[in-house]
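Below is one structure, written out as structure tokens; comments come after it.
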Amino acid sequence: ALNSYWVFVIANVAIFALVGIGLNVLIGLTGQVSFGHVGFYAIGAYGVAILTTRAGLNFWLAWPLAALLAGVCGALVALPALRARGPYLAMITIAFGFIVEHSIVEMRALTGGQNGIMGLVAPVLWSGIKSERAMALLALASAAVALAGYAWLSRGTWGAAMRAVRDSETAAESIGLNPLVVKTVAFGVSALCAGAAGGLF
């Protein structure tokens with residue numbers, strides 16, 4: 001029953017909450033810093049746009065594929081980046097964000113360059129619920145699922161492992177944990193959330 005402005009605001013709040021939940025896995029549980037998550041957000045957004053317009057895939061297939069692509073990219077960036085510490089890790093993630101941005105601008109044939117990709121069609125949830133209202137409801141549902149997933153993760157074995165690595169990598173290694181694997185998984189999960197949010201955007 002809300003007007004389109006409030007629907008837009010609610011959708012954006014839910015989308016950014018989804019990114020924030022992902023960042024909480026990385027920063028809150030694992031203690032790592034990333035200033036390049038906008039790159040994973042862009043990968044999700046352009047992934048959905050390219051798969052639905054260029055490849056002709058349905059949104060419901062393109063969206064999880066784009067989120068998965070962002071998660072894989074996050075894990076691949078993490079492998080070399082997490083060997084650095086402190087401000088060096090922050091600089092590597094900032095550089096990743098710039099690389100994604102410039103790649104999108106330069107690959108005009110695929111991404112449309114500065115103009116972006118036109119002709120995107122929002123999914124229809126059910127009869128009468130489409131376009132912005134469908135995206136707002138989908139974003140709210142996604143944020144709720146991500147929040148429930150975060151609560152499950154933080155209370156489980158992986159959450160304990162992430163907190164152990166955050167508090168002391170040496171102590172974590174002494175009880176058989178591999179800090180690089182734990183931090184890479186956290187980076188991948190965080191990037192997947194950012195990619196899913198970008199796909200909704």
The stretch 34-62: number of residues that are of a type outside the set (Phe, Trp, Tyr) and surrounded by fewer than 16 Cβ atoms within 10 Å (Cβ to Cβ): 5
Close pairs (7 angstrom Cβ cut-off, 6 or more residues apart or separate chains): within 15 Å of ALA194 (Cβ to Cβ) in the stretch 142-154, in a helix (DSSP H, G or I) and open to solvent by 60 Å² or more (accessible area, probe 1.4 Å) anywhere: TYR150/ASN24
Residues satisfying the stated conditions in the stretch 76-95, i.e. part of a helix (DSSP H, G or I) and closer than 10 Å to THR184 by Cα: LEU76, VAL77, ALA78, LEU79, PRO80, ALA81
Odd one out for GLY71, checked against (1) under 19 Å from the mean Cα position of the chain (by Cα); (2) farther than 19 Å from PHE201 by Cα; (3) open to solvent by less than 30 Å² (accessible area, probe 1.4 Å): (2)
Within the stretch 87-96, tally of residues that are of a type outside the set (Ser, Thr, Tyr) and open to solvent by 50 Å² or more (accessible area, probe 1.4 Å): 4
Residues of the stretch 99-132 satisfying the condition of being open to solvent by 50 Å² or more (accessible area, probe 1.4 Å), touching a residue at least 60 places away in the same chain (Cβ under 8 Å) and either under 17 Å from LYS183 (Cα atoms) or in a helix (DSSP H, G or I) (or both): ILE99, GLU101, LEU110, GLU132
Top-ranked residue in the stretch 73-114 [being aromatic (Phe, Trp, Tyr) and at pLDDT 85 or above; ranked as farthest from VAL33 (Cα to Cα)]: PHE98
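Determine whether the stretch 141-156 contains at least one residue that is closer than 20 Å to TYR46 by Cβ and either under 21 Å from the mean Cα position of the chain (by Cα) or hydroxyl-bearing (Ser, Thr, Tyr) (or both).
yes
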Positions within the stretch 155-183 being of a type outside the set (A, V, I, L, M) and either open to solvent by less than 20 Å² (accessible area, probe 1.4 Å) or farther than 21 Å from ALA75 by Cβ (or both), in sequence order: ARG155, GLY159, ASP167, SER168, THR170, SER174, GLY176, PRO179, LYS183
Unique match (being touching a residue at least 60 places away in the same chain (Cβ under 8 Å) and of a type outside the set (Gly, Ala, Ser)) among LEU26, LEU51: LEU26
Verdict on MET135 being modelled with pLDDT under 90, part of a helix (DSSP H, G or I) and surrounded by 20 or more Cβ atoms within 10 Å (Cβ to Cβ): yes
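From ALA11, ALA17, grab the single residue that is modelled with pLDDT under 95 and part of a helix (DSSP H, G or I).
Only one candidate qualifies: ALA11.
The values are calculated or read from the model by the stated rules, or taken from the named source; none is laboratory data. Values in this document were obtained by computation on a predicted structure and should not be read as measured data. In this analysis, Cβ positions are derived from the backbone assuming ideal geometry, glycine residues included, and neighbour counts consider all displayed protein chains. For the accessible areas, the whole protein counts, side chains as well, though only heavy atoms, and no ligand, DNA or RNA atoms are used. Shrake-Rupley method; radii C 1.70, N 1.55, O 1.52, S 1.80 Å.
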